1. Scan around Gly242 for amide H atoms under 5 Å from its own, H built in the peptide plane at 1.01 Å from N, and keep only partners 5 or more places away or cross-chain.
2. Among Ser168, Leu182, Ala192, flag the residue with its Cα farthest along the positive direction of the charge dipole of the stretch 164-234, charges on Cβ as +1 for Lys/Arg and -1 for Asp/Glu.
3. If each of Lys208 and Asp11 carries a label point 7 Å out from its Cα toward its Cβ, how far apart are those two points in nm?
4. Calculate log10 I(q)/I(0) of the stretch 133-240 for q = 0.11, 0.14, 0.18, 0.24 Å⁻¹, where I(q) comes from the Debye formula with a single equal point scatterer on each Cα and nothing for solvent.
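Here, each number is a calculation from the coordinates, and none is a lab measurement. All values derive from a computational prediction rather than experimental measurement. We place every Cβ from the backbone using ideal geometry, glycine too, and count neighbours over all the protein chains shown.
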Amino acid sequence: VYLSYLQKFLDNGPPTNQEEEREFTNMLESLVLDQTSIPLAVASGVRTLKDVRREDLDLRRLQEMEDALYRFFTARVGLRFLTEHHILSNPYREKPSKDDELKRRLGTIIDDEDNNAKDDFLGCIQKDCDPFKEVRRVAAKITKRCRECYGIAPEIEILDTTSEKNASLEFTYVPHHLRYMLAELLKNSCRATVRSYLKEISSREDQKNTGSLQSPPPTLAPIRVIVTKGDEDVSIKIADQGGGVPRSAIKDMWTFAHFTQDDHQDTHESNTEFENDEITGGQKIRGFGLPLARIYARYFGGELTLKSMEGYGVDAYLYLPVLGVACENLPEKVVMSPGNLDSSANASRNDDGDDDDDVYDKSADRTTPDSSRIGDDLLWRRQMGTPSARQTFEMLARRAL
């Protein structure tokens, strides 16, 4: 698939005028919207590991696969972020907002009443993203899907504990990254809470049939989300009472080869959109949610952790840096790859601060990366505005190679 994408780049060539830039942007958009094949292909390959006819992989080979998938999806996040930002910030892209499929998938179509947010976007970056509003938006969507799936949904309580001192601090971030992480965590909490509740209902029915009913009627426990903005991080805690998981199983939850359901998907979920997400084009891909969410969190220097109390519930902690100076957080092998060694923010600017059409110094030493700035940080993207089509072509081509 990526070879076919690369061939399109080579056939298109670097744009040199307005019409060629429009064609280049349209080509990029077609690649971004064709996002289902790669995650599905990888997921299908991982699922074959559970085929009883296959020889079991030893731990070393499984770890090699996990490391390779981690590097692959981290690099893919970077490629997609670069292309999405170029497409959405391109001045020659003329599409009615409400009919824009890419904006719909990324959630950058702003409601008419939210006028302040409309001018707050540069491409897919929002200058002052409101984490509390994003949590409310995602919670409403997941609650609706959970109710469609199971017929019931736990209440999601959202608390904003940001101090007055920090309330006015800007939180520059990529909203659709944040929404994906929140959706995965809230889906897991809703699923665990509802299943724990239904299990108690079933147990109570068994007790009733055997005449040993003693426990009080179960209640559907709420999920609590706490949002706070600090000087360095925006922190989000999602706490559920879904029964928790054994401490020994926590590590496996971060692996791509981990499946929460042994051989088949819950019949409730298979007939609804509960597992759908825009990142994978609305496809139901199980087992990738948590590891992908952590990759998105770590990409700009954040972190995602889980703390479980077996028999009670799970607390998820999402830490996101208040961006502006944080660079991409890439695995060492991606950082040292030929396409990334000279893609620093400084490499695309002359000493006088002007854009340099020749983004990369072809004579630069490609064996040692710029240790001061690896990748392109959001502050530079915000200040410099829309990257030229030639800059985008060069960066994408080098990373692909």
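1. Correct list: Val314.
2. Going by the charge dipole, the pick is Ala192.
3. Roughly 6.4 nm, to one decimal.
4. Reported log10 I(q)/I(0), two decimals: -0.45, -0.64, -0.89, -1.27.
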